[in-house]
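Chemist: Have a look at this one.
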Amino acid sequence: LAMLVFLLPALGGYATLRQNPDLAESLIPPVMIERAEAGAARTAAGTGYVQLEAEDRPRMAAMIIANNIRVTLMTFMGGIVLGIGALIVLAFNGLSFGTITGYYLNVGQGSYLYNFVAGHGVLEFFAIWVAGAAGLRLGLAIIRPGQLPRGDAVAIAGRHAMRMMAATTLFL
């Protein structure tokens with residue numbers, strides 16, 4: 001469910017930008033548009049998506065990791081609010097990725113983006129989906145505790161969710 005809540009808005013955002021390229025400036029952060037525009041020149045020069053000096057790479061890596069941890073934790077914690085917060089974070093991030101992907105393909109820079117995302121995005125997306133599933137599990141225990149008292153159902157779901165969150169640390 002968490003994966004679908006991410007992927008369906010991603011597909012919607014992708015299709016929207018592919019059909020309506022003029023929406024890019026209102027839906028995509030300016031830095032992503034700038035990177036796409038710089039893509040042709042960087043590809044011709046043989047450089048990658050982000051070109052950094054050696055001394056700046058650890059800082060950039062830390063920023064990427066911190067962002068991914070933030071999104072993963074927000075997705076998980078959103079599950080406590082009856083699962084609604086997790087669904088919102090998953091859908092928003094999927095929509096964002098889909099619109100950016102559609103834009104990059106529109107300007108002929110799809111492979112440029114995919115080369116960057118393939119290196120780390122697969123594990124990051126999976127971690128976010130697992131965190132979403134863990135959060136939704138907590139939300140479901142609150143909404144439908146089954147035969148158990150609500151507190152017991154949440155405690156059991158919490159134990160399972162914490163194991164799932166421990167797995168996300170390996171992916172991140």
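The values are calculated or read from the model by the stated rules, or taken from the named source; none is laboratory data. Note that the structure is a prediction, hence the values are computed from the model and not measured. Here the Cβ is made from the backbone with ideal geometry for all residues, glycine too, and neighbour counts use every protein chain on show. Ligands, DNA and RNA are stripped out before the accessible areas are found, and what is left, the full protein with its side chains, is counted by its heavy atoms. Shrake-Rupley method; radii C 1.70, N 1.55, O 1.52, S 1.80 Å.
Chemist: Report yes if some residue within region 35-45 is open to solvent by 70 Å² or more (accessible area, probe 1.4 Å) and modelled with pLDDT of 85 or more; otherwise report no.
Modeler: yes
Chemist: Given the criteria over 18 Å from SER111 (Cβ atoms) and β-branched (Val, Ile, Thr), does ILE65 qualify?
Modeler: It is true that ILE65 is over 18 Å from SER111 (Cβ atoms) and β-branched (Val, Ile, Thr).
Chemist: From PHE116, PHE76, which residue is buried (at least 20 other Cβ atoms within 10 Å of the Cβ) and either over 18 Å from PRO9 (Cβ atoms) or touching a strand residue (DSSP E or B) at 6+ places or on another chain (Cβ under 7 Å) (or both)?
Modeler: PHE76
Chemist: Tell me the helices (runs of 4 or more DSSP H) entirely within region 46-159 that contain at least 2 residues that are modelled with pLDDT under 90.
Modeler: Correct list: 57-78, 110-143.
Chemist: Right, GLY121: open to solvent by less than 50 Å² (accessible area, probe 1.4 Å), without any contact (Cβ under 8 Å) to a residue 12 or more places away in the chain and either within 16 Å of THR169 (Cα to Cα) or within 12 Å of the chain's Cα centre (by Cα) (or both) or not?
Modeler: Yes, satisfied.
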